[in-house]
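I have placed the structure first, in the form of structure tokens, so that the comments after it can refer back to it.
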Amino acid sequence: MSIFAAFSVTSEPIRDPVAVFLLILAIMLVAPLLFERLRLPGIVGLILAGVIVGPEGLGLLERDSNIILLGTIGLLFLMFMAGLETSLDDLKDNGDKAIVFGLATFLAPMALGTAAMMLLGYGLLAAVLVASCFASHTLLALPVLNKLGIMRASAVNVTLGGTLITNVLALLVLAVVVKAYEGELTLSFWLFLIPALAIYTFATLWGVPKIGRWFFHKFGHDESAEFIFVLATLFVVSYIAGLIEIEPIIGAFLAGIALTPLIPQLSPLMNRIQFIGNTLFVPFFLISVGMLIDPLILINEPQSIVIAAVMIVAELISKFVAAWGAGKWFGYKFPSIMVMFGLSIAQAASTLAAITVAYEIGLVDRTTVNGIVAMILFTCIASPLVTERWGRQVTTAEKVPDSQNRTKVLAQRVLVPVANPNNEDNLLNLALILAKTADGTLLPLNVLSDREGTVSPEARIQQRQLLEIAETLAHAANAKVETIGRVDDSIDRGIVRTASERDASLVVCGWKGYSTYQDNFFGSTIDNVALKLSIPVLIARFVQPIANTARVFLAITKRQAMSEEFAQTLNIAKMLASELKTSLEVLIVVSKKQAQLSPPELSQLSSNTVIGQAQGNFIKEVSQKIYQNDLLLLPVKTAEARIRGRSALGTIPEAIARSHEDISVVIIHFP
């Protein structure tokens, strides 16, 4: 009889689909809220709730085919979102260190974990698989790092890169162990697996972004189509993984890595993916895992307590050894080492995935599942605590540069004039990236001119529609927004007056990429806005969805590199590259009459960004180095623009935009 049978309302589990779904929704609502009030991760509450309502608890629900189906979807979604949080650029930024730490935090738990589990009487395959659960980790404490402002600390970047390595290796161990247990680990398996895995990985990481960019370019205006495309990609890649005889969760993880360059972290699409995953699919999986646990084992088989304790001790010791050894090798101080340790001890996504697969094929029993879940509960509590305790000292030692603080102030209140539905999404997404990074407010504005007479009702209706679209997009990205509808004697005066009245810190405007004869003679709306405002203005021409950006390319002259605005310009470029999950390239073009900057001078400009140099004509040098899908950034200053005439943009940006109609351009205009 179940330990909770005496409290069960009925001896039979609930079978009415509506009642089953209602109970699960109630668990999803109450369990995380309750445990977060107790300052415990919500994941813990969902797993324990699964224990209570499951077959070994009150028996309210049975782990039938429906629960297994939804749990499998949640499992794939969990691995997919883990892939979305993993960027290959993390390896590029600190490649050598990330590889060293990734291998250390994989090999140490594998060695110690395998030895410990074999001493407890586990067979070799089961011991290796459980050890692979120790090796992988989930970056559960990332929100703590965001709160402390140390996401760009070297130790954090190394841990992010190392996470990719150790999780991929752990998943490969899972695939090999499963085949070995099923008796299929033969020479033909290796001859098939290695080429198939190589081709599959290359096709996913190279082909999915190509297809994704094409799809977003053609159908990026349809938000529903974008979301369905992402879901279809997840399940197609996962299904193909099963066809080549590797676990579908590996495919889900690779699908996330492949799509991460196309889905900006702060975009509405990413917000929808995370919302659906974190509120529906993943909780289903966590509840289904809890339903596997038998609390009676802790009473009937005291050995399970010993197994859980050994798992926790082995995992903590091995992860600390890896962090301490790698940190000492890199010359990090002890707080940074402890941040690496705190980040790498949390077990959730990959661990739950691996142990679920192992249980379903009969490689491990419920005692092992109980031990793994106990380790997950312990590490999910310990990881944020350790990271926050030592992360505060890293914050003190590694203060954020003043230029980064100024950039955040710059994006506190971002004003976006919207008038053209064709480019509204890209302008709003650009503004959203900047505003959300600084936890700022988006100010969509539409100005109607009454110079020709009374504004028509049709124009007012269109104004409301444009602002409603902007507000919907901002809410989808979970951003603060204040829509502004205005009637003024001219568009440019309306923008300038609104910026002053609403205390805007930055203005983002659209641009067609060229000036007409009338613009050159009388001055365009953009010229009048940029020259009259006392705040920076971003003037953007997008030829494709901003999510399709493959590289952020900042091109500047030597004079601009030596100016006081360079640090802020570089931080804007870094911010865009980071949120768009793309690489950043900086090029200083030196005229033939000037001398190139020396290495010490370049290092003074930025110690952590590689800056290239070229000598010759600015337009020619930049034109030779930009490619399709680049986002070209060009800084301009009012004083420089006025020397060249009335245009606030100058002649260079327009010349480049005219000759490269397939390149998106953002001009950063400083007052």
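The values are calculated or read from the model by the stated rules, or taken from the named source; none is laboratory data. Here the structure is a predicted model, which means the values were calculated and not measured. Virtual Cβ from ideal backbone geometry, glycine too; neighbours counted across all protein chains shown.
Data for the structure
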item: The stretch 110-133 residues that are touching a residue at least 12 places away in the same chain (Cβ under 8 Å) and surrounded by fewer than 20 Cβ atoms within 10 Å (Cβ to Cβ), paired with ones that are hydrophobic (A, V, I, L, M, F, W, C) and not in a helix (DSSP H, G or I) (beta carbon under 8 Å, 6 or more apart); result: Leu125/Leu363
item: Scan of the stretch 632-656 for residues that are modelled with pLDDT of 80 or more and over 20 Å from Leu584 (Cα atoms), ordered by number; result: Ile652, Glu654, Ala655
item: Residue check, Leu377 outside any helix (DSSP H, G or I), closer than 25 Å to Tyr122 by Cα and among the hydrophobic types (A, V, I, L, M, F, W, C); result: no
item: Near pairs, Cβ below 6 angstrom, 6+ apart or cross-chain, from the stretch 533-544 (among the small types (Gly, Ala, Ser)) to any residue that is part of a loop (DSSP other than H, G, I, E, B) and modelled with pLDDT under 90; result: Ser534/Pro671
item: Residue match in the stretch 323-339 (condition: assigned to a helix (DSSP H, G or I), under 19 Å from Ala131 (Cβ atoms), touching a helix residue (DSSP H, G or I) at 6+ places or on another chain (Cβ under 6 Å) and among the hydroxyl-bearing types (Ser, Thr, Tyr)); result: no
item: Qualifying position, being at pLDDT 85 or above and either of a type outside the set (Lys, Arg) or touching a strand residue (DSSP E or B) at 6+ places or on another chain (Cβ under 7 Å) (or both), among Ile68, Ile43, Ile47, Ile73; result: Ile73
item: Hits in the stretch 204-246 - residues which are exposed (fewer than 14 other Cβ atoms within 10 Å of the Cβ) and among the acidic types (Asp, Glu); result: Asp222
item: Meets criteria (over 25 Å from Asp630 (Cα atoms), in the same structural domain as Ile667 (by TED's automatic domain parsing) and among the polar types (S, T, N, Q)) for Ser598; result: yes
item: Meets criteria (buried (at least 19 other Cβ atoms within 10 Å of the Cβ) and at pLDDT 85 or above) for Ile27; result: yes
item: Qualifying residue in the stretch 200-221 (condition: farther than 28 Å from Leu584 by Cα and not aromatic (Phe, Trp, Tyr)); result: no
item: Members of the stretch 562-578 that are buried (at least 23 other Cβ atoms within 10 Å of the Cβ) and farther than 13 Å from Val666 by Cβ; result: Leu570
item: Verdict on Ile539 being aliphatic (A, V, I, L, M), in a loop (DSSP other than H, G, I, E, B) and under 24 Å from Ile495 (Cα atoms); result: no
item: Any hit, the stretch 525-532, residues being outside any helix (DSSP H, G or I), out of contact with any Asp or Glu (no Cβ under 6 Å at 6 or more places or on another chain) and at pLDDT below 90; result: no
item: Selection within the stretch 217-243 - modelled with pLDDT under 85 and within 20 Å of Asn548 (Cα to Cα); result: His217, Lys218, Phe219, Gly220, His221, Asp222, Glu223, Ser224
item: Test: residue in the stretch 138-147 that is modelled with pLDDT of 80 or more and either within 18 Å of Phe320 (Cβ to Cβ) or not in a helix (DSSP H, G or I) (or both); result: no
item: Tabulated pairs, the stretch 203-229, first assigned by TED's automatic domain parsing to the domain that holds Ile263, second in a loop (DSSP other than H, G, I, E, B), C-beta under 6 angstrom, 6+ apart or interchain; result: Phe216/Pro545; His217/Gln544; Gly220/Pro545
item: Boolean, Arg502 is surrounded by fewer than 19 Cβ atoms within 10 Å (Cβ to Cβ), modelled with pLDDT of 85 or more and touching an Asp or Glu at 6+ places or on another chain (Cβ under 7 Å); result: no
item: Residue ID - farthest from Ile52 (Cα to Cα), chosen from residues in the stretch 282-297 that are modelled with pLDDT of 80 or more and among the β-branched types (Val, Ile, Thr); result: Val282
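Let's see how each residue does on (1) without any contact (Cβ under 8 Å) to a residue 60 or more places away in the chain; (2) more than 30 Å from Gly371 (Cα to Cα); (3) touching an Asp or Glu at 6+ places or on another chain (Cβ under 8 Å):
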{"residue": "Phe192", "(1), (2), (3)": "yes, yes, yes"}
{"residue": "Thr201", "(1), (2), (3)": "yes, yes, no"}
{"residue": "Leu254", "(1), (2), (3)": "no, no, no"}
{"residue": "Phe284", "(1), (2), (3)": "no, no, no"}
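Listed here are the residues, each with its yes/no results for (1) of a type in the set (Phe, Trp, Tyr); (2) crowded, with 19+ Cβ neighbours inside 10 Å; (3) free of Cβ contacts under 8 Å to residues at least 12 places away in the same chain; (4) at positive phi.
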{"position": "Ile293", "(1), (2), (3), (4)": "no, yes, no, no"}
{"position": "Glu315", "(1), (2), (3), (4)": "no, yes, no, no"}
{"position": "Phe330", "(1), (2), (3), (4)": "yes, no, no, no"}
{"position": "Leu352", "(1), (2), (3), (4)": "no, yes, no, no"}
{"position": "Glu360", "(1), (2), (3), (4)": "no, no, yes, no"}
{"position": "Leu363", "(1), (2), (3), (4)": "no, yes, no, no"}
{"position": "Thr368", "(1), (2), (3), (4)": "no, yes, no, no"}
{"position": "Ser383", "(1), (2), (3), (4)": "no, yes, no, no"}
{"position": "Arg389", "(1), (2), (3), (4)": "no, no, no, no"}
